[in-house]
1. From zero outward in steps of 10 Å, how is the percent of C-alpha pairs of region 68-113 spread across the bins?
2. Looking at region 177-208, which GluC sites (Glu not before Pro) are in a loop (DSSP not H, G, I, E or B) and have at most 11 other Cβ atoms within 10 Å?
3. Give me a comma-separated list of calculated 3J(HN,Hα) values for region 185-197, in order, Karplus coefficients 6.51, -1.76, 1.60 applied at θ = phi - 60°, integers in Hz, x for any Gly or Pro.
4. Determine ³J(HN,Hα), in whole Hz, for all residues of region 263-272 in sequence, where each value follows from phi through the Karplus function 6.51 cos²θ - 1.76 cosθ + 1.60 and θ = phi - 60°; x replaces Gly and Pro.
5. Please identify every one of the GluC sites (Glu not before Pro) in region 24-82 that sits in a loop by DSSP and has no more than 15 other beta carbons within 10 Å of its own beta carbon.
6. Grab the beta carbon distance between Asp219 and Asn34, set R0 = 45 Å, and tell me the FRET efficiency rounded to 0.05.
7. With 28 Å as the limit, write out which pairs from Lys192/Lys286; Lys87/Lys192; Lys83/Lys192; Lys37/Lys83 have Cα-Cα distances beyond it, or answer none.
8. Quick one: which residues, 5 or more positions from Arg254 or on another chain, have an amide H under 5 Å from its amide H? H modelled 1.01 Å from N in the peptide plane, none for Pro or chain starts.
Amino acid sequence: MRLRWLVPIAVLYALRLLAADDTVKPRVATITINPSKVTTLHLRPEFESAIHMPEEITSVILGSPGSFKAEHNDGEPDYVYVKPITKEAAQSNLLIATRSGQHVSIELISDGIGGAGPALPVDFMIEYRTSLSFLIPVAARVENVRVDLTGTAPPPASPEIAAAANPLSAVDGEYEQQMRINAPGWTKWEGKQIETSLGDIRQWSNETAVSFSILNPSDQPVEVVPPQIQISGRAVSKKKKEGKNLTADQLLIRDYRLSATRIEAGARADGVVVFDRPNFKQSIEKLFLQIAQADQVDRPILIRLPFTPPIAGEFR
């Protein structure tokens, strides 16, 4: 009789210990905006996390709407709320752009429910603040000039010395090279206000860098959202009906540059995007650079990319 009581008690005690290990550990962080960095946001099913930007948000791009949900409304223009919508482990990316052209790139990670090991901390709130360096254009270079008592200054350093003192990263090098192209070949798109031009496509180990430019030839300003990379194809089915079972996935963006999200009439924007290229794909799958106007995010421009980049570069 005593043994019959001990067994349920032991089971309940073990479940209590398991629940204790599964306790959510909330975390709040303040981060300075850095377009060249990717923030990791740890989420958990049944919990919602908030992202606060220092100004009004103009666009929110979610890589996997089937695994995560991102909400933004005009009543709270500087907040985005994110949560997993699946109890399975999931991973995706989130891109946020603000009114002044600031961008943040976020990697979303959800370990799901019932995973092995202790529960990881959950980011309940991320507060972004503006970096003073954001006010200085990427292409700008600050020169220190010493003035003697007579009021004369020494000659400025040569471009070679300045470049050695301020070496560019591989991404910034690609970005500035694209900006120096005076007359790229533009491609027009039916029903679009913008035209596009594709630049160099380079491979760095398993990462691919794609340079591009966007032109607004119209007489009205236009706003664009951060670039995306899409791999799409047609899944194999038994009936093999044409146009059925279409698949489209967003690849993780590692880094990007974009000179402006608001492009004035007759103006141009340049950019470069770095993403993790898969090691292989099916023959029916295709790789695209996705560029969208802010008022037509459901109808983006898809620029076909080669799966194997034509240029191999040094790893960053």
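Each reported figure results from applying straightforward, stated rules to the coordinates on display, with no laboratory input. Remember, predicted model here, so these are calculated numbers, not experimental data. Note that we place each Cβ from the backbone using ideal geometry, even for glycine, and neighbour counts take in every protein chain shown.
1. Computed distribution, short to long bins: 23, 48, 24, 5.
2. Glu190
3. Here the 3J(HN,Hα) series is x, 9, 10, 8, 10, 4, x, 10, 7, 10, 10, 10, 9 Hz.
4. Karplus-based 3J(HN,Hα) across region 263-272 equals 10, 6, 4, x, 9, 9, 10, 10, x, 8 Hz.
5. Here the sparse-neighbourhood loop sites are Glu46, Glu48, Glu55, Glu56.
6. 0.80
7. Table pairs above 28 Å Cα-Cα are Lys87/Lys192; Lys83/Lys192.
8. Long-range HN contacts for Arg254: Val274, Phe275, Asp276.
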